[in-house]
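Step one of this worksheet: look at the structure below.
The values are calculated or read from the model by the stated rules, or taken from the named source; none is laboratory data. Please read these numbers as outputs of a predicted model, since none were measured by experiment. FYI the Cβ positions are ideal-geometry reconstructions off the backbone, even for glycines, and counts take in every protein chain you see.
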């Protein structure tokens, strides 16, 4: 197939994807809405993106490589249905699809399908437990890549003065269809606290998580995650969300580039998101919102093939029924 035909096909896919997510009133025009308060919701998102290092190529000698930058599109559709059995117990079900499509680097396209359930039990207005389970199927470059089972129970307590505290455990099983050495189980737990600033929509928070990953190959590792996060509301009712996450990944047996050393990674992630509600209602849509996202990732590793940094910018719209 010629490059012209390939690009033409990809451009057509861009148009179809954007139309589906930006014109949902026409696509779902017959959906009925319970005006008294519906138990379901559908959320749609469509964004253009630019990534300056899609392939996460290393940027230090002796493995220096030119970053693969590309433009693309990211979109998602998430359907949720919640059934309340009584004032204490509810059960939610989710079906999500998220797609990232690049203009030129199609081998890095990623489509993720996810389905799951989430029971929740409230002991009181301020205290509840929940347990999320989902299965996710990942398609990379048009090929089946992996399947993931994920289980995440948590205990949550909201103090009127000090904010929300969450204690959680998680278990993740990964079946890698491309590289069986990456098959593995990961489990861990953590604590997050969010302080809700009184009489405002601002908050600040911090969290820590430790996990252990056991793989078929030599990718066994212990991971420590530290994060701080927050939200402020700027003039014109623009929300700014920010998060910094530091991950220290200590491998058990994976050799570093330096002879005699074991691989260690230190990963820094900075995320910022600006959101502005444009219309509270627009036809059948609610909360039509413009958003701009920025993500900087810096992975420092003594395994030089994985020593890289990247920047991703995204901008677009989201809305829900």
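Look at the stretch 170-206 and say how many of its residues are free of Cβ contacts under 8 Å to residues at least 24 places away in the same chain, under 20 Å from residue 157 (Cβ atoms) and either surrounded by 14 or more Cβ atoms within 10 Å (Cβ to Cβ) or out of contact with any strand residue (DSSP E or B) (no Cβ under 7 Å at 6 or more places or on another chain) (or both).
Residues that pass the stated criteria total 3.
Are any residues in the stretch 237-254 assigned to a strand (DSSP E or B) and touching a residue at least 40 places away in the same chain (Cβ under 8 Å), and if so, which ones?
254
Any residue in the stretch 64-74 that is surrounded by 15 or more Cβ atoms within 10 Å (Cβ to Cβ), touching a helix residue (DSSP H, G or I) at 6+ places or on another chain (Cβ under 9 Å), at pLDDT 95 or above and over 30 Å from residue 284 (Cα atoms)?
Yes - at least one qualifying residue is present in the stretch 64-74.
For residue 20, all conditions in the list (1) surrounded by 15 or more Cβ atoms within 10 Å (Cβ to Cβ); (2) modelled with pLDDT of 75 or more hold save one; what is the number of the exception?
Going through the list (1) surrounded by 15 or more Cβ atoms within 10 Å (Cβ to Cβ); (2) modelled with pLDDT of 75 or more, residue 20 breaks only (2).
Just checking, how many residues over the stretch 245-269 are surrounded by 13 or more Cβ atoms within 10 Å (Cβ to Cβ) and on the phi > 0 side of the Ramachandran plot?
Number satisfying all stated conditions: 0.
Being part of a strand (DSSP E or B) and farther than 30 Å from residue 161 by Cα is the filter here; which residues of the stretch 107-132 pass it?
Within the stretch 107-132, 110, 111, 112, 113, 114, 115, 116, 117 qualify.
Just a yes or no: is a residue in the stretch 145-154 assigned to a strand (DSSP E or B), in contact (Cβ under 8 Å) with a residue 40 or more places away in the chain and farther than 21 Å from residue 247 by Cα?
no
Give the stretch 81-97 a look and list any residue that's in contact (Cβ under 8 Å) with a residue 24 or more places away in the chain and either surrounded by fewer than 12 Cβ atoms within 10 Å (Cβ to Cβ) or assigned to a strand (DSSP E or B) (or both), or say none.
Going through the stretch 81-97, the residues in contact (Cβ under 8 Å) with a residue 24 or more places away in the chain turn out to be 81-84, 87-94.
Listed by number, the residues that qualify are 81, 82, 83, 84, 87, 89, 90, 91, 92, 93, 94.
State yes or no: is residue 104 assigned to a loop (DSSP other than H, G, I, E, B), at pLDDT 95 or above and surrounded by 15 or more Cβ atoms within 10 Å (Cβ to Cβ)?
Yes; evaluated as a whole, the condition is true for this residue.
Restricting attention to the stretch 278-321, and to residues there that are closer than 16 Å to residue 237 by Cα and within 21 Å of the chain's Cα centre (by Cα), which single residue is surrounded by the fewest Cβ atoms within 10 Å (Cβ to Cβ)?
This residue is 290.
On the given criteria, is residue 263 touching a strand residue (DSSP E or B) at 6+ places or on another chain (Cβ under 7 Å) and not in a strand (DSSP E or B)?
Answer is no for this residue.
Starting from residues that are exposed (fewer than 14 other Cβ atoms within 10 Å of the Cβ) and over 22 Å from residue 181 (Cα atoms), keep the ones in the stretch 217-234 and report whichever is farthest from the chain's Cα centre (by Cα).
For the stretch 217-234, the residue satisfying everything is 234.
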